[in-house]
Amino acid sequence: MHDLIHDLATVFAGEFYFSAKNHGNAPEISIKTRHLSYIAKPWHPISKLPEVGNGATHMRSFLSICLFVDYPLTRIKCDSGHFLLHLRFLRVLSFKCFTLKSLSDSIGELFHLHYLDLSFTLVVTLPESLCKLYNLQTLKLRNCIKLKMLPSRMHDLVNLRHLDIEGASCLKEMPKGFSKLKNLNFLNHYIVGKHEENGIRELGTLDSLQGSLCIAKLENINNSSEALEAKMGNKKHINILTFKWLPGSDIVDFQTSRDIFNKLQPHGDLNELSIVGYRGETFPDWLSLGCFSYGNMTKLSLSRCEKYPGVSAATLRAG
């Protein structure tokens, strides 16, 4: 916002808002403080973070504002559990860009939490207690490059609307029961698992998804009926779609591979489509040039389609 508007808002906020900018020690905040923001800088470690919780036990939001994502992460010298135990009324919590390697089980005590941002942290796993946060609407895990798995009972987060796992490259599959997250309207990645409970069919009930979606590890789909149950044709608010097979995955029956892909036909208003690592020898009918019916599509990208004659990488753009 404009500097003048910012100054005016700060004056009206008074003691209810505090911004810690230039020092690593705990700011001297009032017990009236409800909203605390911290500008995360790698050369300013937070050495006394627990004292923040001691000073403002009724705080509603703690936001880390990361301005330098290309720099080393902000060093955090505290036990996150001790910090969280004092902040039971938090609605918004961000540890973005902190060198946080684990999240305490006490996160499950923040029953009022609506927004949790752990982007650019070093977390490897998330505690199962996270799934007690029934009011959680937004969970950001962008570029958590060491995150290996999501909580197994994630389907209990029935009010979740936004899940960002872009760049969480170590994730191997989605947890079971994802179809129960019917309020989800943003999901940028879905990693198909090898079991029925976390396979492609779990996408079938998620018709409110919008924006961009990448579906990875499609080689884990066993048959075309599973692909049909994903109901990709009903995802009318998905504008950008990526189908992705793991490089070098073994496909025994190329006809089955084509049938599976045929059943994944997206809706006709799609704007962009990317196909990565498709192992079939021919593309499905809905993608054939002779009966191509995607009038709104502006970009079609094909890469590593090794079994299709003459196509290893290509990008077509409208206009």
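What the table shows:
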quantity: Label-to-label distance, nm, for residues given as residue 112 and residue 210 (7 Å Cα→Cβ offset); calculated: 2.9 nm
quantity: Probe 1.4 Å, protein heavy atoms only - accessible area per residue of segment 90-144 in square angstrom; calculated: 35 Å²
quantity: Average silhouette area of segment 228-287, convex hull of alpha-carbon atoms, in square nanometres; calculated: 4.1 nm²
quantity: Calculated Rg and Dmax of segment 138-273 using C-alpha coordinates, Å; calculated: 14.1, 41
quantity: Estimated distance in nm for a label pair at residue 271 and residue 296, the labels positioned 7 Å out from Cα along Cα-to-Cβ; calculated: 0.9 nm
quantity: Equivalent ellipsoid semi-axes - Cα gyration tensor, segment 131-214, angstrom; calculated: 16, 15, 13
quantity: Relative counts (whole %) of C-alpha pair distances in segment 80-168, using bins that are 5 Å wide; calculated: 3, 15, 28, 30, 19, 5, 0
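The values are calculated or read from the model by the stated rules, or taken from the named source; none is laboratory data. All of these numbers come straight from a predicted model, not from anything done at the bench. Reconstructed Cβ throughout: ideal geometry from the backbone, glycine too, with neighbour counts over all protein chains shown. Surface areas here come from the heavy atoms of the whole protein model, side chains and all, with no ligands, DNA or RNA. Shrake-Rupley method; radii C 1.70, N 1.55, O 1.52, S 1.80 Å.
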